[in-house]
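Below is one structure, written out as structure tokens; the observations come after it.
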Amino acid sequence: MATDLRISNISKIYPGCVANDNVSLQFKSGKIYALLGENGAGKSTLVKILSGVISPDNGEVFLNEKNLKLSSPLDAKKNKIGMVFQHFNLFETLSVFENLSIDATEDNKSLRVRINEILKKYNFNIELDVPVLNLSAGQKQKVEIIRCLLRSPKVLIMDEPTSVLTEQETEELFISLKKFCDEGILIIYITHKLKEVLSLCDEVAVMRKGKVVSVSQTQNERVETLANKMVGQKLAKIKKKINISKNKDEIFKVKHLNFYSDDPFETNLVNLNFSVKKGECLGIAGISGNGQNELFQILSGEIITPDTSIIFRNKEIAKLNPKQRREYLMAFSPEDRISQAAVPELKIYENVALNNFKSSNFFEKGLVNERKIKEHSKKILSDFSVNTDNVELKSQFLSGGNLQKLILGRELITAPELLICYNPTWGLDVGAINYIHETLIKINGQEKSTILISTDTEELLKLSDRIAVIYKGKLSKIMPSEEVTPEKLGVLMGGGSID
Amino acid sequence: MIKIEKRNDVPMALYFFTPFIAIILTILGGGIIFYILGFNPIEALKFYFITPISNLYGLSELLLKATPLCLIAIGLSFCFKSNNWNIGAEGQLTFGAIVGGGVALLFYNQEGFYILPLVILAGAIGGMIFALIPAVLKTYFNTNEILVSLMLVYVSKLLLDYLVVGPWSNPEGFNFPETRQFSDSSRMPLLFEGLRIHAGIFLALAAVMLSWFILYKTYLGFQIKVSGLSLKTAKYAGFKGKTMILVVFMISGACAGLAGVGEITGPIGQLHRMISPDYGFTAIIVAFLGRLNPFGIIFASMVVALTYLGAETAQIFLQIPKYTGQVFQGMILFFLLASDYLLFFKIKILSLKKNELRH
């Protein structure tokens, strides 16, 4: 029997963030649907609503025109909606069979028969009696899939299934998914990987900032058109005046930056080499999750990688921690304002003291010099037009824009030679974005350099002198920004190559 | 439908007031339990909370029990504030007592003003070393400090057992599981004739002042505060995370060691199997009841010490087991956590009608 799943006007609002804004979509069995979007676009929220983990504030879900009340994961199971999450929900020390029998309703003998049928039918090669911890990520995922199949699902939702898989395992997964699809299971495939959408799916819905921005047939799409839809590229090109930095000295030089992580949710970086000249802004574009987090942390010194060489103002700084790097006049503005760059529960002046450079004398002989810190904070608040002059205010009462101004002010008031910022305007209103863009352009004018890691192509084209694209932990060649077009960036961001 | 939401702004005054609410609820809860057990609740509560401290001796006993609780909780506040979950203060107390007691036994037949300071110092170092084990394992091998510190409690208790029945047992002790009595030079001076309260209380008060200074006036205190709120921020600011873990564990272990050595050189006067009625565990409640604030901890240690005393009087006058003390300690923690939950979250009851209309 054909399955028809309809989502109607779903909204979910978290404090300070609209995760799903009036989302309506329709799915029919016999096709594989992609739900595409950047991290934070609202895909996961939608999926959690479909699987009953959270309830929407508004809106309804219909399965074959029956209005579903999904108030717990159990409801989703009852209605034959199966879900494979990005993070596995398996007991590592139990065997595969024990994991599968936990929520089974039949006796072990018939369960084993049914599991073996599934294994044979889909050509899955898994030992049932070994502990799950001995399995590879791909095999664990298959166990999760079997768990869904045992309940003969009508809908199977896969959340970022390939983020932990090898290429080989990914191919196997795609073959299985196509089989399920042929058998009439409706498949919803959530991802931010463009190539997978094109090779696997029939129809694609793109989400951005909680909204569905496009629904289309994948055969009419290319990597770059999808990339542009995902990041919301407007074609207007506002470029800043290009610095004449051709003959300037290189102030910052990275050689052989490699990063390997055991954590499958981190991205490995492969042999990154680049340099920044005095007064220059180097933009690093890319769809989020391609290694930007790791790159920022390595440049700031939060992660120290062996064998990497980072030369800053003729000194080797690769082994220094963030505090030591600040002494050499580097400054950092991370993506995560609320839980990394600042602590909301701390007062403004306490957050200012986080950038404790040597000449600040914030902490003389290990003691807090509150008067100095407060004076310094007052200056930041007025110089960077933060809309308060109360340094005792807890930072959580600042709006996103004002908090970002405070952070940038804290980093820039020391007149650093190099500022590294990651998505500095993410989630801010237009006024704050303009202020921050002007500030970044101004410091380039003062012969100070910036590295701008951003997922916002418009911002990159506006601010950068040269741009490179990071994709799967690899850096494209670095291009002068006057040669770069949004289309070119789209191709590179999707993993394609130009010329 | 019930919905739970985080409150954006929690008033500081209320934050320090909720422990009192928890205490009041604990007393009410205790009254109900006494009523169910068939006692007159008012009278029973009087035996529990008033009688023990209605005379000078009782007050001295209160301070005597509050001293180790306060010391340990002060140390723990350093760990807890910086997101390090040292659950093994009882073990650090025991090991501090073993090392301090060992030094005291070396001097069992000698007198001298230098002996007590040596014993105290040895106790603090003992606790510090024992606390370094989970700290080093955490920083260099990524182990979980909760498990390691907790399991080490049993290691130290078994070591103490072995020592008092084996190599350190009193040769003239008729095989009782205890060591020799310490010499008078190894004993804490008593503050008043006839009362058991001893000079150890000054150690606790000094720890309070010192910890207040470190936590609120120094760079170390600032780093502890930031790390406790956000480890990501601490990393970003470039704090030396590993060093800080070691330091807070050392402070915490030293305080627990001091508490241990205070017990054996104070009221006990020798080593035996039962040197602490789980002060190290109870101090965890004290630390949280005192909001990890040095002065709050003074107050909390006296409240919790009273549950120990009350349990003893209740055993004598009402013939109920002294383990009711633990019931009261448990209730304090329970009500504190419950009121904290209501403090940080609000519960919204959405009208069902609106939902029904939609369907």
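The values are calculated or read from the model by the stated rules, or taken from the named source; none is laboratory data. This structure is a prediction, so every number in the text was calculated from the model and none was measured. Cβ sites come from the backbone with ideal geometry, for glycine too, and all protein chains shown count toward neighbours.
When region A:303-318 is filtered for residues that are closer than 24 Å to A:Lys277 by Cβ and either of a type in the set (A, V, I, L, M) or free of Cβ contacts under 8 Å to residues at least 24 places away in the same chain (or both), the ones remaining, listed by number, are A:Ile310, A:Ile311, A:Asn314, A:Lys315, A:Glu316, A:Ile317, A:Ala318. If you go through region A:312-321 and keep only what is more than 8 Å from every other protein chain (Cβ to nearest Cβ) and of a type outside the set (Val, Ile, Thr), you end up with A:Phe312, A:Arg313, A:Asn314, A:Lys315, A:Glu316, A:Ala318, A:Lys319, A:Leu320.
Within region B:256-271, not a single residue is touching a Phe, Trp or Tyr at 6+ places or on another chain (Cβ under 7 Å) and either at the interface with chain A (Cβ under 8 Å from one of its Cβ atoms) or under 18 Å from B:Thr139 (Cα atoms) (or both).
For A:Ala353, the conditions (1) free of Cβ contacts under 8 Å to residues at least 24 places away in the same chain; (2) surrounded by fewer than 22 Cβ atoms within 10 Å (Cβ to Cβ) are fulfilled apart from (2). Would you confirm, using the coordinates I've provided, whether B:Gln92 is over 15 Å from the mean Cα position of the chain (by Cα), under 27 Å from B:Ser186 (Cβ atoms), in the same structural domain as B:Phe281 (by TED's automatic domain parsing) and not aromatic (Phe, Trp, Tyr)? No, not satisfied. Selection of strands (runs of 3 or more DSSP E) fully inside region A:1-116 by the criterion of at least 3 residues being under 27 Å from the mean Cα position of the chain (by Cα) and away from every other protein chain (no Cβ under 14 Å) returns A:17-28, A:32-36, A:81-84. One residue is enough: does region B:237-250 have a residue meeting the conditions touching an Asp or Glu at 6+ places or on another chain (Cβ under 9 Å), surrounded by 20 or more Cβ atoms within 10 Å (Cβ to Cβ) and within 12 Å of chain A (Cβ to nearest Cβ)? Yes, region B:237-250 has at least one match.
Pick from A:Glu375, A:Glu316: which is modelled with pLDDT of 90 or more and in the same structural domain as A:Gly445 (by TED's automatic domain parsing)? Show your work before the answer.
Values: A:Glu375 fails: in the same structural domain as A:Gly445 (by TED's automatic domain parsing).
Selected residue: A:Glu316, the only one of A:Glu375, A:Glu316 that is modelled with pLDDT of 90 or more and in the same structural domain as A:Gly445 (by TED's automatic domain parsing).
Flag set for A:Lys319, criterion: part of a loop (DSSP other than H, G, I, E, B) and surrounded by fewer than 19 Cβ atoms within 10 Å (Cβ to Cβ). Restricting attention to region A:383-435 and to residues that are at negative phi and in contact with a Cys (Cβ under 9 Å, 6 or more places away or on another chain), the residue that is surrounded by the fewest Cβ atoms within 10 Å (Cβ to Cβ) turns out to be A:Glu411.
Just give me the residues in region B:304-328 being among the hydrophobic types (A, V, I, L, M, F, W, C) and assigned to a helix (DSSP H, G or I), in sequence order. Break it down into steps so the answer makes sense when it comes.
Step one: of region B:304-328, the residues among the hydrophobic types (A, V, I, L, M, F, W, C) are B:304-306, B:309, B:311, B:314, B:316-318, B:320, B:327-328.
Matches in region B:304-328: B:Val304, B:Ala305, B:Leu306, B:Leu309, B:Ala311, B:Ala314, B:Ile316, B:Phe317, B:Leu318, B:Val327, B:Phe328.
Within region A:276-311, the residues that satisfy the criterion of being aliphatic (A, V, I, L, M), part of a loop (DSSP other than H, G, I, E, B) and within 14 Å of chain B (Cβ to nearest Cβ) are A:Ile303, A:Ile304.
Here's a check for you: in region A:353-382, which residue that is within 11 Å of another protein chain (Cβ to nearest Cβ) and in a helix (DSSP H, G or I) is nearest to B:Leu210 (Cα to Cα)? Reasoning before the result, please.
Of region A:353-382, the ones within 11 Å of another protein chain (Cβ to nearest Cβ) are A:353-357, A:362-370, A:373.
If we keep only those that are in a helix (DSSP H, G or I) too, we end up with A:370, A:373.
On the way: A:Glu370: 19, A:Ile373: 23 Å.
This residue is A:Glu370.
Screening A:Val132, A:Val96 for residues that are assigned by TED's automatic domain parsing to the domain that holds A:Lys211, over 25 Å from A:Lys178 (Cα atoms) and buried (at least 17 other Cβ atoms within 10 Å of the Cβ) leaves exactly one candidate, A:Val132.
Condition first: within 10 Å of chain B (Cβ to nearest Cβ) and within 26 Å of B:Asp9 (Cβ to Cβ). Can you find one or more residues in region A:410-426 that meet it? No; the residues of region A:410-426 include none that is within 10 Å of chain B (Cβ to nearest Cβ) and within 26 Å of B:Asp9 (Cβ to Cβ). Scanning region A:322-345 for residues that are more than 16 Å from A:Lys405 (Cα to Cα), facing another protein chain (nearest Cβ under 7 Å) and part of a loop (DSSP other than H, G, I, E, B) yields a single hit, A:Glu345.
For region B:219-303, no helices (runs of 4 or more DSSP H) sit wholly inside it while including 2 or more residues that are assigned by TED's automatic domain parsing to the domain that holds B:Phe334 and farther than 20 Å from B:Asp340 by Cβ.
Scanning region B:213-236 for residues that are within 8 Å of chain A (Cβ to nearest Cβ), surrounded by fewer than 19 Cβ atoms within 10 Å (Cβ to Cβ) and touching a residue at least 24 places away in the same chain (Cβ under 8 Å) yields one hit, B:Lys225.
With the requirement that a residue be in contact with a Gly (Cβ under 6 Å, 6 or more places away or on another chain) and either crowded, with 18+ Cβ neighbours inside 10 Å or not assigned by TED's automatic domain parsing to the domain that holds A:Phe124 (or both), what does region A:75-93 give you?
Applying the first criterion (in contact with a Gly (Cβ under 6 Å, 6 or more places away or on another chain)) to region A:75-93 yields A:75-76.
Result: A:Ala76, single match.
Of all residues in region B:74-90, those that are touching a residue at least 12 places away in the same chain (Cβ under 8 Å) and charged (D, E, K, R) have Cβ atoms under 6 Å from Cβ atoms of residues that are crowded, with 24+ Cβ neighbours inside 10 Å and in a helix (DSSP H, G or I), 6 or more apart or on another chain, in B:Lys81/B:Ile224; B:Glu90/B:Gly280.
Of A:Lys120, A:Lys140, A:Lys154, A:Lys109, which residue is under 14 Å from A:Leu177 (Cα atoms) and either touching a strand residue (DSSP E or B) at 6+ places or on another chain (Cβ under 6 Å) or not aliphatic (A, V, I, L, M) (or both)?
Values: A:Lys120 fails: under 14 Å from A:Leu177 (Cα atoms); A:Lys140 fails: under 14 Å from A:Leu177 (Cα atoms); A:Lys109 fails: under 14 Å from A:Leu177 (Cα atoms).
Of the residues listed, the single one that is under 14 Å from A:Leu177 (Cα atoms) and either touching a strand residue (DSSP E or B) at 6+ places or on another chain (Cβ under 6 Å) or not aliphatic (A, V, I, L, M) (or both) is A:Lys154.
Residue count for region A:447-499 satisfying the condition of being under 25 Å from A:Asp249 (Cα atoms) and assigned to a loop (DSSP other than H, G, I, E, B): 9.
Taken over region B:251-274, the criterion of being surrounded by fewer than 24 Cβ atoms within 10 Å (Cβ to Cβ) and over 19 Å from B:Ala206 (Cα atoms) is satisfied by B:Pro267, B:Ile268, B:Gly269, B:Gln270, B:His272, B:Arg273, B:Met274.
Among the candidates B:Asn8, B:Asn55, B:Asn40, B:Asn83, single out the residue that is modelled with pLDDT under 95, surrounded by fewer than 20 Cβ atoms within 10 Å (Cβ to Cβ) and on the phi > 0 side of the Ramachandran plot. Don't jump to the end; show me each part of the working.
On the way: B:Asn8 fails: on the phi > 0 side of the Ramachandran plot; B:Asn55 fails: on the phi > 0 side of the Ramachandran plot; B:Asn40 fails: on the phi > 0 side of the Ramachandran plot.
None of the other options fit; the residue is B:Asn83.
Within region B:95-115, residues that are surrounded by fewer than 18 Cβ atoms within 10 Å (Cβ to Cβ) have Cβ atoms under 8 Å from residues that are part of a helix (DSSP H, G or I) in these pairs: B:Gly102/B:Ala122; B:Tyr108/B:Ser186; B:Gln110/B:Ser185; B:Glu111/B:Asp184; B:Glu111/B:Ser185; B:Gly112/B:Ser185; B:Phe113/B:Ser185, counting only partners at least 6 apart in sequence or on another chain.
Of everything in region B:1-36, what is away from chain A (no Cβ under 11 Å) and not in a helix (DSSP H, G or I)? Give them in sequence order.
Within region B:1-36, the first condition is being away from chain A (no Cβ under 11 Å), and the residues that meet it are B:2, B:4, B:11, B:13-36.
Selection gives B:Ile2, B:Ile4, B:Pro11.
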